[in-house]
Amino acid sequence: MTTFPTTDFVPATTPGATRTRIRGAVLSAAPGHLEVHELELDDWLAPEEVRVRVEACGLCHSDLHMIDGELPVVMPTVPGHEIAGTVEAVGPAVTDLAPGDRVVACLSMFCGTCAECRAGRTFLCDRRNDLGRAERPVPRLLRDGEPVGQVAGLGGLAERTVLHRNSVVRVTPDVPVDRAALLGCAVLTGVGSALHGAGVRPGDSVAVIGCGGVGLNVVQGARLAGATRIVAIDLGADKLELARRFGATDTVDAGSTDPVAAVVELTGGVDHAFDVVGRQATVTQAVGMVRVGRTAYVVGIPPVGEQLVLPGLPLVTSAKGVRGLLMGANHFPRDIPVLADLYLQGRLELDALVSARIPLDEADEGFAQMRRGQATRVVVTFD
Ligand SMILES: [Zn+2]
Ligand SMILES: [Zn+2]
């Protein structure tokens with residue numbers, strides 16, 4: 001395993017004894033803006049923690065939802081959960097990671113012992129939102145003496161972060177770091193939704209509504225699964241052209257055509273429809289596109305308060321299913337290294353996902369690009 005030059009950082013032996021000054025993008029109110037502040041990171045590591053020098057962090061729509069006040073989050077906090085970086089130090093209970101390892105983080109942190117983890121569904125871990133992360137003698141991050149949180153226990157929009165060891169996995173450094181970061185959320189979620197969530201099979205037909213960072217990965221997940229008909233649906237020729245590069249066999253511009261009628265005409269109704277937008281209108285379209293007895297999947301995160309109302313009678317008489325899929329039904333320690341291998345073999349498209357690389361100071365502007373629908377994936381990179 002190649003290792004990277006790293007600092008000679010040695011963890012403190014006492015919580016709160018010494019701290020490292022870092023820069024991080026902080027959200028203090030929502031709807032609001034990210035502001036880069038100087039923060040202090042505790043140099044002590046709990047037994048199962050890992051300190052990571054962040055090298056790249058992708059900007060994700062769920063972060064944007066938090067900034068826009070559509071997803072609740074405790075403030076102030078550091079967003080960013082699509083992280084690739086290098087391990088600087090590990091807590092005393094971490095035996096399988098070492099300083100210099102390249103890692104990718106994932107928000108599907110898991111305990112390994114609850115009922116869902118024991119059943120093999122670590123992405124549904126009953127304890128994923130705490131894992132003892134709050135039970136620290138002193139805060140990990142401070143700004144002017146006040147505690148600052150880490151969204152999803154990650155907080156990747158900062159120069160360094162301290163993570164639970166079950167929220168990171170080692171990956172080969174052969175994958176460039178800006179693309180490796182995307183394996184932790186957009187790619188894992190999109191590809192996994194097709195492979196693990198829906199169980200797309202060779203010969204199946206698939207429709208994907210919304211071709212942003214996650215939707216393009218549902219498209220290529222369906223391609224990897226052997227789907228022979230993959231219909232990509234979005235607004236505008238540019239996005240649809242990009243979807244073809246990821247494996248779409250057909251495209252529908254929902255701005256000029258009724259997407260349900262178009263998909264039914266193309267395929268007679270698909271085996272799997274994925275809504276990667278998360279709104280009433282697109283979920284209804286997804287249900288309308290699937291054949292009788294098939295399932296429409298909600299992959300996009302609906303904003304808090306969004307209600308999904310569906311016509312009841314046809315749902316029953318056509319025996320259709322509607323199902324939410326979370327984070328590609330992943331077991332990320334298994335999935336992320338596989339995705340890295342597929343990229344290195346030329347079978348997974350990552351290069352075309354990155355629409356911009358920006359420094360930390362421009363993170364807020366990066367989210368503004370997403371809000372305007374201009375970005376596939378904006379990645380903050382750290383020197
Ligand atoms: Zn995400
Ligand atoms: Zn668990």
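Listed values, structure above:
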| quantity | calculated |
| --- | --- |
| Residue, farthest from GLU48 (Cα to Cα), within the range 136-162, restricted to residues that are assigned to a strand (DSSP E or B) and among the basic types (Lys, Arg) | ARG143 |
| Evaluation of ASP126 against (1) more than 16 Å from ligand 2 (Cβ to nearest atom); (2) of a type outside the set (Val, Ile, Thr); (3) surrounded by fewer than 22 Cβ atoms within 10 Å (Cβ to Cβ) (one fails), failing number | (1) |
| GLU306 being assigned by TED's automatic domain parsing to the domain that holds PRO173 and not β-branched (Val, Ile, Thr) | no |
| Any chance ARG133 is within 9 Å of ligand 2 (Cβ to nearest atom), assigned to a loop (DSSP other than H, G, I, E, B), crowded, with 16+ Cβ neighbours inside 10 Å and among the charged types (D, E, K, R) | no |
| Checking VAL187 against (1) of a type in the set (A, V, I, L, M); (2) assigned to a helix (DSSP H, G or I); (3) away from ligand 1 (no atom under 15 Å from the Cβ), the condition it does not meet | (3) |
| Residue match in the range 140-162 (condition: buried (at least 17 other Cβ atoms within 10 Å of the Cβ) and over 24 Å from ALA25 (Cβ atoms)) | no |
| Hits in the range 124-167 (condition: within 16 Å of ligand 1 (Cβ to nearest atom), on the phi < 0 side of the Ramachandran plot and of a type outside the set (S, T, N, Q)) | ARG128, VAL151, LEU154, GLY156, LEU157, LEU163 |
| Pick from the range 93-123, criterion surrounded by 19 or more Cβ atoms within 10 Å (Cβ to Cβ) and among the hydroxyl-bearing types (Ser, Thr, Tyr), ranking: nearest to ligand 1 (Cβ to nearest atom) | SER108 |
| Test: ASP178 is more than 17 Å from ALA296 (Cβ to Cβ), modelled with pLDDT of 95 or more, part of a helix (DSSP H, G or I) and assigned by TED's automatic domain parsing to the domain that holds GLY100 | yes |
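Listed here are the residues, each with its yes/no results for (1) surrounded by fewer than 18 Cβ atoms within 10 Å (Cβ to Cβ); (2) charged (D, E, K, R); (3) assigned by TED's automatic domain parsing to the domain that holds ASP364; (4) within 16 Å of ligand 1 (Cβ to nearest atom).
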position	(1), (2), (3), (4)
ALA30	yes, no, yes, no
GLU40	no, yes, yes, no
HIS61	no, no, yes, yes
GLY69	yes, no, yes, no
MET75	yes, no, yes, no
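The values are calculated or read from the model by the stated rules, or taken from the named source; none is laboratory data. Computed from a prediction, not measured in an experiment: that's the story for all the values here. Please note: Cβ atoms are built from the backbone with ideal geometry, for glycine as well, and neighbour counts cover all protein chains shown.
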